[in-house]
Structure formats: C-alpha cells, structure tokens
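Before anything else, here's the structure in question.
The values are calculated or read from the model by the stated rules, or taken from the named source; none is laboratory data. The structure displayed is predicted, hence computed values, not measured ones. All Cβ positions, glycine included, derive from the backbone under ideal geometry; neighbour counts span all protein chains shown. To get the accessible areas, we keep the full protein, side chains included, count just its heavy atoms, and leave off ligands, DNA and RNA. Shrake-Rupley method; radii C 1.70, N 1.55, O 1.52, S 1.80 Å.
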Amino acid sequence: MSDRHAAGNRNSSNRLEVRELSVSFSTYLGVVRAVRGVSFDLRQGETMALVGESGSGKTVTCRAVMRLLAKNASLDSGSISLDGTDLLKLNRREMRDVRGNDVAMIFQDPMTSLNPTMKIGRQIGEAVRLHNNVSRAKAKSRALELLDLVGIEDPARRYHQYPHQFSGGQRQRVVIAIALACDPKVLIADEPTTALDVTMQAQILDLFKELKRRTGASILFVTHDLGVVANVADRVAVMYAGRIVEIGTSDEIFYDPRHPYTWGLLSSLPALAQDGRLYAIPGAPPDLIYPPTGDAFAPRNEYALAIDDLAEPPLIRVTPTHYAATWLLDPRAPAVEPPPEVARRQRLYADRQVNI
Amino acid sequence: MKRWALYISRRLLYMAVTLWLIITATFLLMSLLPGSPYNYRDQLSQAQIDILDQKYGLNQPLAVRYVTYLRNILHGDFGISLQFSDQPITKLLANRVGPSMRLGLQAVAFGTVVGTILGVIAAMRQNTWIDTFSSLFAIIGRSTPNFVVAVILQFTFAVSLKLLPIGLWKDGFRSTILPTLALSISPMADAARFIRTEMVEVLGSDYIELARAKGMSETRLAFTHGLRNALIPLVTIIGPMTVSLMTGSLVVENIFAIPGIGEQFTKSILSNDYYTIMAVTILYSSLLLAVIFVMDVLYQVIDPRVRVEADA
C-alpha cells in the first residue's frame, strides 16, 4: 500500500499534482462514482496521456482540474495542486483567473466548440484580453501570432472570418490557438483528435508535438485511442472504472505492460490484430453506482485471481516510474503468460534494455 | 458591398411586385363587397345615385377604375374618403399613423428589451425562484388581454396615484407611457419565454463551455456569447409583432382615446369607404414588407452563416 503514495511528496518539477481525487454525480438512478481516488503528477514540459474507454473517468478527471464539472457533480475528496496551490480551495473568482490563463483546455468537437456568430479573431483576442490588460491592437497582433503558430495560413485574412468558413481540422487549430492565448502552464486536451478524420488526426498530433517543443507547456492528453498515445506521450496513465490501473512511461506501457486491462487494450489495436480478427475485451465496464468490492476489471479478466473478487489491488510498483494495480504483481501470485503479442513486445523490450 | 447592393435592389423589386399583387387582389375583392358607400341608399333616387357614382368615378367599368387608381397612387394620390366629408385620405391617415406607430414601436422596443433581460436571467438561474417568477410572469402576461392590463394601469397610475394622464394624446411622452406599457406586456412575455428556452440550450453548448474554459464570468458569457445566438429565433417573431402593434390596437386605442389607425380601419370597412380601405391595406402591407426586409437583413447581421456575401 505504501507504494501508492510513492509519488506523493511534492516535487518541484511537478506542475500539477492530483491526489486521491474522487468525483461523483447524483443522478435519478443514484450516485455515480465516476472518479474513485485518482492520483498522478504532471511534470514540467511533459506530455502525459490519460487512456481508457468511455466512462472510465478520464474526461471527468480533466474537468475537475478545470473545475468545469456539471452542476450535479460533487468533488468528494482529494486535492489538485498547480505549482503548490490547491485549485479545489480557490473561490470562483480566483478559479476564473486560473482558467484559460494557467490551465487551458481543448475540447473534443471542433465543429461545436467555436461560437458560430463571432469572428475567430475576436474569439482568440478575447482569450488574450481576459487575462492580460492589453489594448485591442496588442490582442490582435497576439491573435495573429497564435494563428500562425498553430499553422493557419494567411492569418490576417482568416482573422476576420467566421467558424463556418473553416474546416474541422482548421477549427481545432483555432481552438488550440485560444487555449495557447495566455501561455498556459498546463494544457488539457480532451480527445482533441477523436472528431477528426485520420489525416487530420495526424496533422493535429504533429502540431501537438511541435507545440510541446515550442511552448514548454505540460500537456494532459486524454484519448481512448492507444495508437494516438504512442505518438505524443512521454508517460501514460491507463484508467478503468474511475481509477488509474496502470501508469508508466510510454515505453513501459507499450512494451512492458503489467495490467491485464492494458494487455487487452494493446491486443485490440488494429495493427496488432492476429490472423485478421480484431480482438475485443469481452464484457462491459462495471456499474459505477454500485462499484464492485474487488477489482473492477475482474469480471472481464481471464487472468483474474480469487482475491480479485475480495479486495481491490493497490498500485504496485514495477519500476520507480511504473505502477500497476493488479494482484498478479503480488509475490504470492502465480506466474501467468500474457497474450502472445504482448509477450513478444516484452521480449523485444527486454532485449533492448540489455543492449543499451 | 456590391453583393449587398445587388441583394437589396433585388429585394426591393420583389417587394414592389408583392405590393402590386396585394393592391390588385384587394381592389378586386373590395368590388365584390355587398352594399355601397352611401348611407341610406334606399332613400336615394336612382338619379341621385348616378350623380354620386359619377362624382366618385364609380360609374366606370372595374378595369378603368383599377387603372385610374393605380395611376393615382403612383402620383401619391390615394383619393378621398367617402365617409369623412371628402377629406383626402393621406391627410386623414397622416394624423393617425403617428400615434399608432409611436405606441407600437415604443411597446415593441420596451417589451423585447425587458423580456430579453428577464429571459436571460431566468436561463442563468435555471430552476430557482427567479426562473419560476419569470415563467409565471410570462404565462400571465401572455394570457391576459392587453385591454385588461390597460384598465388596471389606468386605475393604478391615473385614478389612484394620479401620476399619469388617464388617456388622450395631449401630454406628449407622458400620455404614451400607460398605453405603451399595456401594449408591451405581450411582446415582453413572448420575448422572455423565447429567450429563456433558447438561452438554456445555448448555455449548454460547447462554445459556451469553451468561453468558460477561457475564464470568462457567467454574466459576461451569457451576454456576449449566449445572447447573440439566442436572439436569432426572436427576430422571427419580432417582425410580425411590430407590424401588428404599429398598425394599432383598436381596443387599447379606444380605451386611452388615442386617435390611431386601428379604429379608422374598422370604421372604413363597416362603411364601404373603398379608398380608405385600400389606403390602410397598402399602409399595412408596406409596413409588413418593410419589416420582413429589415428582419432578413438583421438575420444576416446576427448570424454570419446566412450572409449573402461569401467573403469579406
């Protein structure tokens, strides 16, 4: 259990520290425990991916950081500190100063994220002026600079256009420009490529890589697509049923995954599909109104142990950077052979480690 | 800009054609009206009727009368009233258009502005007592006839408090306050209801969430980002509302003893005062066409997606 808080001490290279965050929603059916004790750090200049299927709590976690949760949401416990300031303790005014300034967010659907009746130049300039006491002219030159930064051609002309005059990919670039308006310390991207077609996805991902290099912002990148993750992330946190089940560097997650859920996710990547059949994890995620007592993934897990029904596994340390919440890592657990594709990757990784 | 000029001139042409069709249809339909413009026709001899018909040009065939009428109105001559001692109709209406239009415009302006603010506040404070109060006000305002409101206002402000004149058109702006309030209740209620519904939807949209994520305050985002988008459907109902209020509410005009055109119109129809009916119809149609035109332009100002020009 002690390993769970291994990263708990405040470290000066940490921009964002999320500790034991729990969020629930009251609904007509009951209280949905959407996020159940999530902890992670986001370091300076680092890109971390938050991966999981729909309903795993990734978006709720992000929105909690922005404090932009729906009215029926309640932050039950935990803390979210940005450079040592607990965002959950700020009042509404103070939080508004953080939003868009220190922490900015990019939303999933660029087709609906921009105001259809306002020129995009004004929508960007507004973001600049909300947090900086600058003249309109100054805000405009900053907006033009941002449009150029995110790869919109002919900014001076585009500045005066409306969202419907932009394609989906271009609109997402504009949304990114808005997020970058005040040089945020933390950029939260909530499935920024999901609503785009594949070629656009690749371009936007390239843009993220470039922005990371040029702005030095820490990026929290939410996605349900592991293929996207490999491209941009330094570290990966895998979420399932409101918890982080595995967290590690990109290499560790892709080449040495330890959690059976991560195994399942990797095996269901189309590129890895064996004999032309696409693998799918059987079953469906648990009901979060009545979360299971043991391991939430156990019912879908072919490697499940007897203890999984009784006790929820803690995050167990694999390396100083790699943790996984599975009893398979307990010394008393029987050795199991992961799926063939994962085993192949682990061998590859082991060889590489030796060679280096 | 060139596109705009083209668009506007095309629209004006359509308006002229529409107006011509309306005039023609009304002229033909009116000739089918039973009765004649003369009171006590039974007591007139055929000779007297012939003389009168000749005097007013009613002895001519319909086609000739129609052409003559069209030629006359093109020269700004709308004929004389058969009812009110041969007064020129333009003069007869000119005195009455002013009060009706002024009341109508004041009522629409006041009603929609106050209604919009109520609607926005209700949407921002959804499901609180403010919202309930605003909805209740909208329902009561919508379902209470304006003449009831008029009488209540007269009783409260003129009879009991003696703050404002009870009626007539003699004290300038002060005489317009009560009738304006009475007329503005329904546009106010409509606007509040419309804006609330639209605003609730708009406030839940992604671009509002993005504005929140920028760090904007709720009030500011409601008015800068929300209202403009919520106003689009309101523009649709404001047009016809303006016309019907501008052309006068017969009952409210009567209650406040205001010399408006609502009253004039009814009188002219009842007495077969042909040229007055025509003139009021033309006035009403022109106003409606003008308002529809203004509405279409307004749409384009508010919503860039329906703009005629492709690029700026």
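Return the Rg/Rh value of the protein assembly as shown, two decimal places, where both radii are evaluated on C-alpha atoms and Rh is the Kirkwood radius. Could you put the intermediate results ahead of the total?
Numbers: Rg = 35.8 Å, Rh = 30.6 Å.
Over the Cα atoms of the protein assembly as shown, Rg/Rh equals 1.17.
Among A:239-248, A:325-334, what's the highest-first ranking by average C-beta atoms within 10 angstrom per residue? Provide the component values of the computation, followed by the final result.
Numbers: A:239-248: 25.9, A:325-334: 15.6.
Per-residue Cβ counts within 10 Å, averaged per peptide and sorted highest first, yield A:239-248, A:325-334.
I'm a student and want to see the number: the projected area of the Cα convex hull of chain A, averaged over all directions, in nm². Numbers along the way, then the final one.
Numbers: hull surface 79.1 nm².
The directionally averaged projection comes out at 19.8 nm².
To the nearest 10 degrees, how steeply does helix A:168-180 sit against the main Cα axis of chain A, on a 0 to 90 scale?
Taking Cα atoms only, the helix is inclined about 80 degrees.
Classify chain B as rounded, prolate or oblate from the Cα gyration tensor: take a ≥ b ≥ c as the square roots of its eigenvalues, call it rounded if a/c is under 1.5, otherwise prolate when a/b beats b/c and oblate if not. Walk me through the numbers on the way to the answer.
Working: a/c = 3.22, a/b = 1.62, b/c = 1.99.
Oblate is the answer for chain B, as a/c is 1.5 or above yet b/c matches or exceeds a/b.
Right, another one. So what does residue A:96 come to for accessible area, using a 1.4 Å probe and Å² rounded to 10?
50 Å²
Calculate the mean, over all residues of peptide A:125-132, of how many other protein chain Cβ atoms lie within 10 angstrom of the residue's Cβ.
Numbers: counts 0, 6, 6, 1, 1, 6, 2, 0.
For peptide A:125-132, the averaged partner shielding equals 3.
Sorted from largest down, what three extents in whole angstroms do the Cα atoms of segment A:103-183 have along their principal axes?
Rounded to whole Å, the extents work out to 31, 28, 23 Å.
Could you do me a favour and compute the accessible area per residue for the protein assembly as shown, 1.4 Å probe, result in Å²? Don't jump to the answer; show the numbers that get you there.
Working: 31750 Å² over 668 residues.
Here the residues of the protein assembly as shown average 48 Å² of exposed surface.
Moving to a separate point now. Ranked by accessible surface with a 1.4 Å probe, highest first, in what order do A:17, A:53 come?
A:53, A:17
Please give the residues from segment A:31-76 for which the solvent-accessible area of heavy atoms, probe 1.4 Å, is smaller by at least 40 Å² with all protein chains in place than with the chain isolated.
When all protein chains are present, A:68 each give up 40 Å² or more of accessible surface.
While we're here: How well do other chains shield peptide B:213-225, expressed as the mean number of their Cβ atoms within 10 Å of each residue Cβ? Please report the intermediate quantities before stating the final value.
Details: counts 16, 18, 15, 6, 4, 2, 0, 2, 1, 0, 0, 4, 5.
Neighbouring Cβ atoms belonging to other protein chains average 6 per residue here.
I would also like to ask the following. Where in chain B are the DSSP H helices whose alpha-carbon span along the long axis reaches 30 Å or more and whose Kyte-Doolittle mean is at least 0.5? Don't skip to the end; give the middle numbers.
Values: long enough: B:2-31 (44 Å, 1.03); B:89-124 (51 Å, 1.19); B:173-203 (40 Å, 0.71); B:274-302 (41 Å, 1.83).
Those that clear 30 Å and a mean of 0.5 are B:2-31, B:89-124, B:173-203, B:274-302.
Pick from A:40, A:166, A:208: which is most flexible by mean-square fluctuation in a GNM of chain A where alpha carbon atoms under 10 Å apart are linked?
Its mean-square fluctuation being the largest, the pick is A:166.
What is the packing order of peptides A:223-229, B:281-287, taking the mean over residues of other C-beta atoms within 10 Å and listing the highest first? Intermediate results must be reported in sequence, preceding the final value.
Numbers: A:223-229: 19.7, B:281-287: 17.9.
Output ranking for A:223-229, B:281-287: A:223-229, B:281-287.
Report the B-A buried area as the accessible area lost on both sides summed, probe 1.4 Å, in Å² to the nearest 100. Walk me through the numbers on the way to the answer.
Values: alone 17120 and 16900 Å², together 31750 Å².
Counting protein atoms only, the buried area is about 2300 Å².
When we measure straight from the Cα of residue A:119, which lysines land under 24 angstrom away, once same-chain ones fewer than 8 places off are left out?
Residue A:119 reaches A:138, A:140, B:2, B:214.
Mind checking the dipole of the protein assembly as shown: about its Cα centre, +1 per Lys or Arg Cβ, -1 per Asp or Glu Cβ, Debye to the nearest 20? Walk me through the numbers before you get to the answer.
On the way: 68 positive and 61 negative charges, 428 e Å.
Its charge dipole is roughly 2060 debye.
What's the angle, to the nearest 10 degrees (0 to 90), between helix A:120-131's Cα axis and the longest principal axis of chain A?
Orientation of helix A:120-131: about 80 degrees from the principal axis.
Report ³J(HN,Hα) in whole Hz for each residue of segment A:90-102, in order, from the Karplus equation J = 6.51 cos²θ - 1.76 cosθ + 1.60 where θ = phi - 60°; Gly and Pro get x.
My calculation for segment A:90-102 gives 6, 7, 4, 5, 4, 5, 4, 5, 7, 4, x, 9, 8 Hz in order.
Further question: Could you order peptides B:147-157, A:82-92, B:43-53 by the average number of other Cβ atoms within 10 Å of their residues, highest first? Don't skip to the answer; put the middle values down first.
Numbers: B:147-157: 16.5, A:82-92: 13.5, B:43-53: 11.9.
So the order, starting with the most tightly packed, is B:147-157, A:82-92, B:43-53.
Heavy atoms only, probe 1.4 Å: what % of the accessible area of segment A:160-248 goes to carbon and sulfur, would you let me know?
Numbers: 1200 of 2630 Å².
For segment A:160-248, the apolar C and S fraction of the accessible surface comes to 45 percent.
Quick one: 3J(HN,Hα) in Hz for segment A:21-38, Karplus 6.51/-1.76/1.60 with θ = phi - 60°, rounded, Gly and Pro as x.
My calculation for segment A:21-38 gives 6, 10, 10, 10, 10, 8, 10, 4, 7, x, 8, 8, 8, 6, 10, 10, x, 9 Hz in order.
Right, here's the next one. Measure out, as a whole number of angstrom, how far apart the alpha-carbon centroids of segment B:185-213 and segment B:115-178 sit.
Taking the Cα centre of segment B:115-178 as reference, the centre of segment B:185-213 is 22 Å away.
Taking all protein chains as present, what is the carbon and sulfur share of the accessible area of segment A:302-356, in % to the nearest whole number, probe 1.4 Å?
Details: 1980 of 3460 Å².
Here carbon and sulfur together make up 57 percent of the probe-accessible area.
What order do B:302, B:139 take when sorted by accessible area (1.4 Å probe), most exposed first?
Details: B:302 20, B:139 105 Å².
So, going from the largest accessible area down, we get B:139, B:302.
Under the definition of partner shielding as Cβ atoms of other protein chains within 10 Å of a residue Cβ, what is the mean value for peptide A:109-118?
Values: counts 1, 1, 1, 5, 8, 3, 13, 8, 12, 7.
So the per-residue partner count for this stretch is 6.
Here is a further query. With axes computed from alpha carbons, what is the tilt in degrees of helix A:340-355 against the longest principal axis of chain A, rounded to the nearest 10 within 0 to 90?
80 degrees
Which percent of the accessible heavy-atom area of segment B:68-210 goes to carbon and sulfur, probe 1.4 angstrom? Please list the in-between numbers first.
Working: 4840 of 7240 Å².
Heavy-atom surface of segment B:68-210 belonging to carbon and sulfur, 1.4 Å probe: 67 percent.
Cα extents of segment B:98-271 along the three principal axes, largest first, in whole Å?
That gives 62, 36, 27 Å along the principal axes, largest extent first.
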